[in-house]
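Inspection log for the structure reproduced underneath, given as structure tokens.
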Amino acid sequence: MVYVRKDAGTLTAAERRRFVKALLEVKRRGEYDEFVRMHLAYYSSDGERGLRTAHMAPSFLPWHRQFLLDLEDALRRVDPVVTLPYWDWTRDRATTSAPWTADLLGGNGRRSDQQVMTGPFAYGEGNWTIRVGVTEGEFLTRDLGRRRDPIALPTANDLEQALKDPVYDVRPWDSTVTRGFRNGLEGWSAGRGSASWRNHNRVHRWVGGAMLGAASVNDPAFWLHHAFVDLQWYRWQRRHGGARYLPAAPPGRGDEQHGRVVARHEKLPPWDVTPDQLEDVGGIYRYA
Ligand code: CU
Ligand code: CU
């Protein structure tokens, strides 16, 4: 049965309660922290040697798609009706709107130390102790909108700039490319300061706190953000007549990206799955 991922802003009270409950149970079982560890392990960048899979590479989209499916599996082992909601940050743009309500993700961090004080993931509730990738405290932190140096969430028009590009990605398949849907959406660009963060990256910046680094999975907002990013891949495919993942074939020997990116039919570590197999997930879930 194909299940549905819904807009977080449209969930019923019961849906919010069950999603939160399942997430807390996955955390209690110790499975959640494994997701944080895995994201840390695959957080490599352009400057590093070896294969890049999760970020700054064409497989940014399929890697996170499979990552979300794994978390969703864990949630559905707890409660089979639960699915991942998505946060449409082009529409829900206030620090008090969905998904930042006390019955879903909880609100902003307090000013002094950015500690999230409300909602089910507040440290004081006792159910969300951060153990992996801890830099300061064991508590979840956020600085929605960056109070000391405010930035805005990406707009529908910002997203449109990425969606209108008919080419999935271009060589050298990294964070420096100035064309291609993938990096338009992932959001790396040259330039300085806040203007250089676009779309996906900019949202991580806007949430701040735990969402800034490689351990961003510690904030459940990660999943709702990435579900919306995942939805954009589907929209882009539809708009461009089923345009495909690139590169179609691995960069050859002599190419500086040889062995550094995953081509369409190559395995996407750590899974036994290829980008090609993840391009159409219509048999698993759809977005409402
Ligand atoms: Cu990531
Ligand atoms: Cu991300």
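Derivation of every value follows stated rules applied to the coordinates shown; laboratory data play no part. Because the structure is a prediction, the values reported are computed rather than measured. Glycine also receives a Cβ, built like all others from the backbone with ideal geometry; neighbour counts cover every protein chain displayed.
For this structure, a couple of remarks:
- Estimated at 0.36 nm per residue, the fully extended path between Leu40 and Arg77 surpasses their Cα-Cα distance by 10.9 nm.
- Amide H partners (placed H, <5 Å) of Asp7, local residues excluded: Tyr86, Ala288
- When only alpha carbons are used to place a centre, region 211-245 and region 80-128 end up 19 Å from one another.
- Pairwise Cα distances in region 64-114 exceed 18 Å in 51 percent of cases.
- Volume per residue that the Cα convex hull of region 1-89 spans, once the total is divided by residue count, Å³: 115
- In this calculation the C-beta distance from His240 to Thr178 is compared with R0 = 30 Å, giving a FRET efficiency of 0.95.
- Burial order of peptide ranges 29-42, 61-74, 146-159 (average beta-carbon count within 10 Å, highest first): 61-74, 29-42, 146-159
- Rg to Rh quotient for region 101-259, alpha carbon positions, Kirkwood Rh: 1.04
- For the chain, calculated [θ]222 nm from helices alone, where every DSSP H run of n ≥ 4 adds -39500 (n - 2.57): -10000 deg cm²/dmol
- Spin-label model, Val167 to Ala152: label points 7 Å out along the Cα-to-beta-carbon direction sit 3.0 nm apart.
- Pairs of C-alpha atoms in region 113-175 farther apart than 18 Å represent 62 percent of all such pairs.
- Neighbour cut-off at most 13 other Cβ (10 Å), DSSP loop, trypsin sites (Lys or Arg not before Pro), region 160-201: Lys164, Arg179, Arg192
- Long-range HN-HN contacts of Tyr285 with modeled amide H, under 5 Å: Tyr3
- The Rg/Rh ratio of the chain, with both radii computed over alpha carbons and Rh defined as the Kirkwood radius, is 0.94.
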